[in-house]
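Comments concern the structure below.
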Amino acid sequence: MGSGLKMGCTFFFALLIYVLVPGCRTENGNITVAVMLPDNLKYSWASPRVLPAIRMAQEQIQKSGLLRGHTINLLNYSTEDSSGSCSEIEAQIIAVDTKLYNKPDAFFGPGCTYSVASVGRFASHWKLPLITAGGPAYGFDKSEEFKTIVRTGPTTTKLGDFVSYLHTYFNWSSRALMIFHDLKQDDRPHYFLSEGIYIHLREENITVEAFPYEDPPTFNYKDIITFIKDNGRIVYICGPLQTFFQIMKLFEVEVKNPEDYAIFYLDVFAESLSGDIPMPWQGSEIQWNDPIKLFQSVFIVTYREPDSPEYTAFCKELHKRAMQDFNVKLEPSMMDFIAGCFHDGFVLYAKALSEALADGVSQNDGINITVRMQNRRIWGVTGLVSTDRNNARYTDFSLWGMTNLKTGQYAIVGHYNGTIKEILWSPTERIQWPKGCPPLDNPPCGFSPCKEDHLPVLGIVAVGSGLALIIFGISSFLIYRKLKLEKELAGMLWRIRWEELQFESPNKFHKCAGSRLTLSQRGSSYGSLITAHGKYQLFAKTGYFKGNLVAIKHVNKKRIELTRQVLFELKHMRDVQFNHLTRFIGACIDPPNICIVTEYCPRGSLQDILENESINLDWMFRYSLINDIVKGMNYLHNSYIGSHGNLKSSNCVVDSRFVLKIADYGLASFRLCCENEDSHALYAKKLWTAPELLIYDRHPHQGTQKGDVYSFGIILQEIALRNGPFYVEGMDLSPKEIIQKVRNGQKPYFRPTTDNSRHCEELTILMEGCWAEDPAERPDFSHIKIFIAKFNKEGSTSILNNLLSRMEQYANNLENLVEERTQAYLEEKRKAENLLYQILPHSVAEQLKRGETVQAEAFDSVTIYFSDIVGFTSMSAESTPLQVVTLLNDLYTCFDAIIDNFDVYKVETIGDAYMVVSGLPVRNGKLHAREIASMSLALLEQVKTFKIRHIPNNQLRLRIGIHTGIVTVSQIALIIFIHFSVNLLVLKKSWQVKAK
């Protein structure tokens, strides 16, 4: 018995060491993944919802061949107890048993926070990855304790980042209240969701008062209202929807000034907005007194649900498989987003594992594989999956607010981009603050009514009179400004009637408008049409307004709704007056001719100039153009407009004074429309778009200031290399391929080529800074302006010298162009004259060149030679057409070389007939008979040795006739006719002797 007990203990300790000591296993071609999830659908990470998503990812990986040679085995375990709740103990037992008996390479799940914590500690000790879209708690950011946990779903830390940005934006820097539901049992979801807000705001030195509450039977909800009234005005509430309604009902009854509050309800799965018309109170049975007034100060915070076609198809397939595999009908909800996060987490793990295996790393080296998932970006069904150094995913959120005060309808007023940590506000939907501005987080008199100070009656009267006078003056001024503003808005001074636009110059100088669409070097679908009328080239759709040439940009909309937002934008556009921004003249809103009318710049766009190789640009000229862009963008960023959003070289135009101006800015609501373009043209337009904006199918039209800086960096490369936008040396990529590489965001980040041999090193530093992946690392235009001034010493010259240098540069380009065209003309003229001399006699050709009429001329004594081939008719019948042509070509080439040695002129060849004359057109006295006779003998001698290619054994014979007499020469329709004084036909038939 003693030995048996000893052996049992030995086996137990060996088994314990095997389980607890990491790395005690061997590798094979199988990859085992243990999936640990609860079955209860009250959890967003329930097995019937998540497991089909993981299987879809598994099939995608196998189909793509990412882990070729390896097979993925999925093990599914339930981590809930008998009551249907998450069980921390059950999760621990399953993890240890799975490690002992199945030797998994990775864990997926659990989702519940306490289960993730316990299993995560085991996984970190075993050095195995644990990937989950749950576990939102702040404590998992401690990388030293949870080394191998990767969270690909939303986390409370990222929610805290969003709220921190919100407080900075609205200048709430003093106090906030955090009210959360907490029963201290199960997974405590509302406690852990609120945790990140509490910690982040306290790190910003903001006083945060926390107040937990329970279900109504055991808790007095009036205590919550008292707490709110006594402690703060910026309130965050996180709890079940029905408890939120009860709190708001008491708030409506107890609080008489709801407009002084801003209440944010953390409804991450958008349960309160599930109706056809999003209004949070609709799902409640409570009788509200005035819900619109009450909820005007209430905002809903949700996860941002992807709107891509890939996510839509994923959800459809997910619901189908849940019914097939689990007989569970899933209703469409934001919880599908969590399933998508598990799907993308599985793909992320597979990619990291594939890279590790390719580098010879063991498949169960969780530390190495986890490190490969840090600071990583991939594109999944939920959009961009971007992780930080703690392997937590950057999360996007949506902020909902009441935008229609008549119906109480809610809409998204802003999206928080977790990657760039910035809110992209909606261009069409605005927050309707009850007081017209955000409430104060710390009122001047605190959270109690202000106490009255006892002043003497005279002092009270004096102070009151002074205040009344000041208030009257300020009110009068504000009323005057308000009336003036309303008058300007109502007057619509920007409006242009379609009939006021003319498309013919009043003095007929331009016959019609022309256009030039920049021709991309990357094979885009843009065309190029240049029309020249008079002395100008028109590079855009143009017309005339009040006699001035203007540029007209049509807007692809059927009608324009003149909302107050649109009217304000049009007014501010009309107020913009800056030398480096194209002047906004007005807009036409007469359907279907909806267009924007701006200043016209006749020199075309910067892209046109850069692609025109005939224009030589020295670096002084290039720096001048760069400075113009920087000045224009710096002004734009400090104006009401704020940013451009579509900066590119084709939107930088040059006027007649060679001053570059920024075009196509502002009017975000006016231009907002759906683009119906082919994919190539759409991707070609995005070559200047920053990577953080490419994650959206349609990024906000107003863009961001940091996005404009990225676009400026791409333009810098265009100016420096003149090889088109986003030139990459040695790679011929389509715009779509370029956009995909930039959007993926994998290191090294995909950027255009720089070449220090063609520009200074400082310019390379500026370009790389402008297109940095992290928007926070990009400089703003005020710093760019200073940076360029440091290495562009020539740019400090006076405006007059700069303008004269530009004009001189342009004049030199024109001189070179004229000289080049002149040389081409002279060359073509020489070729034409040579051809004319070959057709006509030299004297006749000279007369025709001078425009003179060739007069008929008589020659008293001329000798004519006429010959043909003996038996040519029968020879032609026995030969192919090509052989006949070859024979004649060889023979007359030979004859032409011989007659050049005699004073003769070849008249023509017709078929086998060869006609030569001497004494015409240049008289040679009595030598003409001798020249013709000598030539005839030379031709006869040459024929004796002439070989016919296709019948070399046949001897060629000539029949020759010679006659001397009077000849008259005339020119009719450029053809020379020679009239003989004798009948040449008789001469040919009667006097010729064969071969003599």
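For this structure, a couple of remarks:
- Using the Cβ of Pro592 as centre and a radius below 11 Å, the other residues enclosed give a net charge of +2, where K and R count +1 and D and E count -1.
- Each part gets one Cα centre, and for the range 251-287 versus the range 117-173 those centres are 29 Å apart.
- With a cut-off of 19 Å on the backbone N, the residues of the range 721-758 near the modelled label site 7 Å out from Trp619 along Cα-Cβ are 721-723, 753-758.
- Mean-position separation - Cα centroids, the range 221-237 and the range 584-605, in angstrom: 53 Å
- Over 32 Å apart at the Cα level, from the set Lys541/Lys747; Lys706/Lys747; Lys421/Lys553; Lys142/Lys249; Lys487/Lys557; Lys484/Lys686, are Lys541/Lys747; Lys421/Lys553; Lys142/Lys249; Lys484/Lys686.
- Computed from point charges on the beta carbon alone (+1 for Lys and Arg, -1 for Asp and Glu), the dipole magnitude for the range 907-964 about its Cα centre is near 140 Debye.
- Options Thr909, Phe245, Ala53, ranked by Cα towards positive dipole end of the chain, top entry (Cβ charges): Thr909
- Simple spin-label estimate for Ser173 and Asp903 gives 10.9 nm between the two label positions (7 Å along the Cα-to-Cβ direction from each Cα).
- The modelled label-to-label distance between Val922 and Lys546, using points 7 Å beyond Cα along the C-beta direction, is 7.4 nm.
- Interchain or long-range residues, amide H under 5 Å from Ala210's placed H: Met178
- Sparse packing (at most 10 other Cβ atoms within 10 Å of the Cβ) combined with a DSSP loop state is found for the following trypsin sites (Lys or Arg not before Pro) in the range 867-966: Lys926, Arg949.
- Lys293, Lys706, Lys406 arranged by Cβ crowding within 10 Å, fewest neighbours leading: Lys406, Lys293, Lys706
- Taking trypsin sites (Lys or Arg not before Pro) across the range 129-169, the ones in a DSSP loop with at most 16 further Cβ atoms lying within 10 angstrom of their Cβ are Lys142.
- For the residue pairs Lys103/Lys320; Lys320/Lys736; Lys103/Lys127, the C-alpha atoms sit more than 21 angstrom apart in Lys103/Lys320; Lys320/Lys736.
- Under the shape rule built on the C-alpha gyration tensor, where the axes satisfy a ≥ b ≥ c, the range 129-218 is oblate, since a/c reaches at least 1.5 while a/b does not exceed b/c.
- For the pair Glu761 and Phe568, the difference between a 0.36 nm per residue extended length and the Cα-Cα distance amounts to 65.1 nm.
- Sorted by Cβ density within 10 Å, fewest first, the residues Val566, Val268, Val371: Val371, Val566, Val268
- Cross-link partners of Lys944 among aspartates and glutamates (Cα-Cα below 16 Å; sequence separation of 8 or more within a chain): Asp868, Asp890
- The slack in the chain from Lys487 to Ile460, taken as 0.36 nm per residue of separation less the alpha-carbon distance, amounts to 5.8 nm.
- Between Asp732 and Ala832, the C-beta separation translates, for a Förster distance of 51 Å, into a calculated FRET efficiency of about 0.80.
- Counting only DSSP beta bridges whose two residues both lie in the chain, roughly 65 percent are antiparallel.
- Packing-based exposure ordering (other Cβ within 10 Å, fewest first) of Tyr349, Tyr810, Tyr198: Tyr810, Tyr198, Tyr349
- Lys/Arg +1, Asp/Glu -1 at C-beta; the chain dipole; positive extreme among Asn417, Thr542, Phe859: Phe859
- Lys/Arg +1, Asp/Glu -1 at C-beta; the chain dipole; positive extreme among Ile263, Leu159, Ser475: Ser475
- In sequence order, calculated HN-Hα J values of the range 40-55 (Karplus, 6.51, -1.76, 1.60; Hz; x Gly/Pro): 5, 6, 5, 8, 5, 9, 5, 4, x, 8, 8, 4, x, 5, 5, 5
- Whole-angstrom Cα spans of the chain along principal axes, big to small: 140, 107, 54
- Couplings 3J(HN,Hα) of the range 429-446, computed from phi: 10, 10, 6, 9, 5, x, 9, x, 8, x, x, 7, 7, 9, x, x, 9, x Hz, in residue order, whole Hz [Karplus 6.51 cos²θ - 1.76 cosθ + 1.60, θ = phi - 60°; x for Gly and Pro].
- Computed [θ] at 222 nm, helices only, for the chain once each DSSP H run of length n ≥ 4 contributes -39500 (n - 2.57): -13000 deg cm²/dmol
- Cα centroid separation, the range 327-385 to the range 867-894: 82 Å.
- Size of charge dipole - the range 848-959 - debye, nearest 20, with Cβ of Lys, Arg +1 and Asp, Glu -1, no other charges: 160 debye
- Simple spin-label estimate for Ser83 and Gln60 in nanometres, 7 Å along Cα-Cβ: 3.7 nm
- Three-way shape label, the range 255-334, alpha-carbon gyration tensor, a/c 1.5: prolate
- Between Phe578 and Gln92, residue separation times 0.36 nm minus the direct Cα-Cα distance comes to 168.2 nm.
- Backbone N atoms of the range 598-635 closer than 15 Å to the 7 Å Cα→Cβ label point of Ala811 are not found in any residue.
- Whole-Hz Karplus values for the range 474-488 come out as 5, 5, 4, 5, 5, 5, 4, 5, 5, 5, 5, 5, 5, 5, 5 Hz, taken residue by residue from phi with 6.51 cos²θ - 1.76 cosθ + 1.60 and θ = phi - 60°; glycine and proline positions read x.
Only the coordinates and a few stated rules stand behind these numbers; no lab work does. As the structure is a prediction and not an experimental result, all values here were calculated from the model. Positions of Cβ are generated from backbone atoms using ideal geometry, with glycine treated the same way; all protein chains shown enter the neighbour counts.
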